[in-house]
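Chemist: Provided herewith is a single structure, encoded as structure tokens, for subsequent inquiry.
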Amino acid sequence: MVTITLAKSLEIGQIVTTAEADHQRELGNIKSKYAFECIDEKCDAQITCANLLKEVKERKKDPYFIYVGEHSDECKEKEKIEILEREQQERHDSRPRKYVSEKVALFNFDKPSNKKVETTSVGSNASVSTRTDQPNATENSKQEGTRPSKKALSTWVELFRRKDSDISVIYNDEEIHIRDLFINIDEVKDLADLEDEPRIYYGTAWVNPNKNGIQFTFRRKKFNELTQNPSLMLYSNKIQNESENGRFSEKTLKKLAARRTINDKPQPITVYIFSQLPPQLSKNGKFINFYAKELTYIYYEK
Ligand SMILES: [Zn+2]
């Protein structure tokens with residue numbers, strides 16, 4: 001799903017399309033796929049140009065822009081992109097599919113407590129939201145003839161744990177089997193080798209409160225020449241509300257951060273992140289960051 005057509009290249013200081021970025025790469029002026037940002041003057045949200053550095057022959061998809069950082073509050077692009085994304089998501093999820101069975105399902109990233117999304121969505125069928133995660137979804141879908149069920153990230157993790165699950169997720173019109181859907185980053189030697197593909201990335205992480213919020217810090221990893229702890233930052237403003245955020249409220253996470261192992265070391269958790277891209281190098285090349293669009297894109301086990 002392409003929603004971003006323009007990005008500012010930090011290497012050439014110009015706003016470019018993906019085709020222009022690809023041309024500048026051929027000329028040798030653009031060398032990094034990570035050095036892009038939002039075109040709004042008051043925003044520096046990082047953008048990755050996925051597939052840009054992949055050999056042209058080996059590209060399954062053309063290069064595309066994707067946000068991997070938070071927009072500033074003043075950013076005017078943010079809202080435009082969100083509207084486009086929501087429309088595309090609804091079209092994608094409501095598209096009639098030929099072989100609907102219990103072997104395919106969609107992601108459900110709706111906030112459990114937020115009914116606003118459901119009532120304001122144009123043209124979407126109310127039955128989609130009420131059927132979420134129901135075991136009888138296949139029976140219903142026979143009657144309605146079209147739509148696969150939607151499952152939250154926690155359900156996908158549960159299915160993955162069962163080992164014998166035979167189910168695929170439909171994401172961006174591609175089917176990804178559950179066996180291929182998960183990537184254990186604890187076992188990846190060099191994070192730079194990971195393909196630009198949507199996956200559920202997971203690994204051991206420690207919960208570290210800091211002045212901006214809560215940081216999940218993963219084990220040290222190689223990313224080309226860099227060795228760093230990949231991390232995911234949850235900003236305070238997103239996790240403040242305890243009743244709304246539940247397991248992801250700052251209060252709950254701080255309790256997790258205080259837990260100790262029998263050797264009196266901080267006790268880690270296992271964090272799962274659904275992301276369109278693997279962890280990314282920061283614009284300055286010094287950090288390795290995960291990006292989660294919403295809290296519903298993250299799940300953890302204690
Ligand atoms: Zn922005």
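Chemist: Scan region 36-66 for residues that are touching an Asp or Glu at 6+ places or on another chain (Cβ under 7 Å) and within 16 Å of the ligand (Cβ to nearest atom) and report the count. So that I can check it myself, show each step before the final result.
Modeler: First, pick out the residues of region 36-66 that are touching an Asp or Glu at 6+ places or on another chain (Cβ under 7 Å): 37-40, 42-47, 50-52, 63.
This time we only want the ones that are within 16 Å of the ligand (Cβ to nearest atom), so: 37-40, 42-47.
Count: 10.
Chemist: So which residues in region 261-285 are of a type in the set (D, E, K, R) and in contact with a Leu (Cβ under 7 Å, 6 or more places away or on another chain)? Before the answer, list the steps.
Modeler: Step one: list which residues in region 261-285 are of a type in the set (D, E, K, R), which gives 264-265, 283.
Within region 261-285, just Lys283 meets the criteria.
Chemist: Taking Pro209, is it of a type outside the set (Ser, Thr, Tyr), crowded, with 18+ Cβ neighbours inside 10 Å and either more than 18 Å from Thr48 (Cβ to Cβ) or at pLDDT 95 or above (or both)?
Modeler: Values: of a type outside the set (Ser, Thr, Tyr): yes; crowded, with 18+ Cβ neighbours inside 10 Å: no; either more than 18 Å from Thr48 (Cβ to Cβ) or at pLDDT 95 or above (or both): yes.
So Pro209 fails the test.
Chemist: Are any residues in region 218-234 hydroxyl-bearing (Ser, Thr, Tyr) and surrounded by 13 or more Cβ atoms within 10 Å (Cβ to Cβ), and if so, which ones?
Modeler: Step one: filter region 218-234 for residues hydroxyl-bearing (Ser, Thr, Tyr), giving 227, 231.
Listed by number, the list holds a single entry, Ser231.
Chemist: Identify the single condition in (1) touching a residue at least 24 places away in the same chain (Cβ under 8 Å); (2) closer than 18 Å to Gln14 by Cα that Gly69 does not satisfy, given that it satisfies every other one.
Modeler: Every condition holds for Gly69 apart from (2).
Chemist: May I pose another question? What are the pairs, 6+ residues apart or on separate chains, where a residue within region 156-167 that is touching a residue at least 40 places away in the same chain (Cβ under 8 Å) has its Cβ under 8 Å from a residue that is surrounded by 10 or more Cβ atoms within 10 Å (Cβ to Cβ) and of a type in the set (D, E, K, R)?
Modeler: Pairs that qualify, where the first residue is touching a residue at least 40 places away in the same chain (Cβ under 8 Å) and the partner is surrounded by 10 or more Cβ atoms within 10 Å (Cβ to Cβ) and of a type in the set (D, E, K, R), are Val157/Glu301; Asp166/Lys103; Ile167/Glu102; Ile167/Lys103.
Chemist: For Glu79, work out the one condition from (1) more than 16 Å from the ligand (Cβ to nearest atom); (2) not in a loop (DSSP other than H, G, I, E, B) it doesn't fulfil.
Modeler: (1)
Chemist: So, one more: Can you tell me which condition Lys163 does not meet? The list is (1) farther than 17 Å from Pro278 by Cβ; (2) out of contact with any strand residue (DSSP E or B) (no Cβ under 8 Å at 6 or more places or on another chain); (3) not assigned by TED's automatic domain parsing to the domain that holds Glu102, and all the others hold.
Modeler: For Lys163, the failing item is (3).
Chemist: Right, here's the next one. Could you check Ala21 against (1) buried (at least 19 other Cβ atoms within 10 Å of the Cβ); (2) more than 16 Å from the ligand (Cβ to nearest atom); (3) not in a helix (DSSP H, G or I) and say which number it fails?
Modeler: Every condition holds for Ala21 apart from (3).
The values are calculated or read from the model by the stated rules, or taken from the named source; none is laboratory data. The structure displayed is predicted, hence computed values, not measured ones. Reconstructed Cβ throughout: ideal geometry from the backbone, glycine too, with neighbour counts over all protein chains shown.
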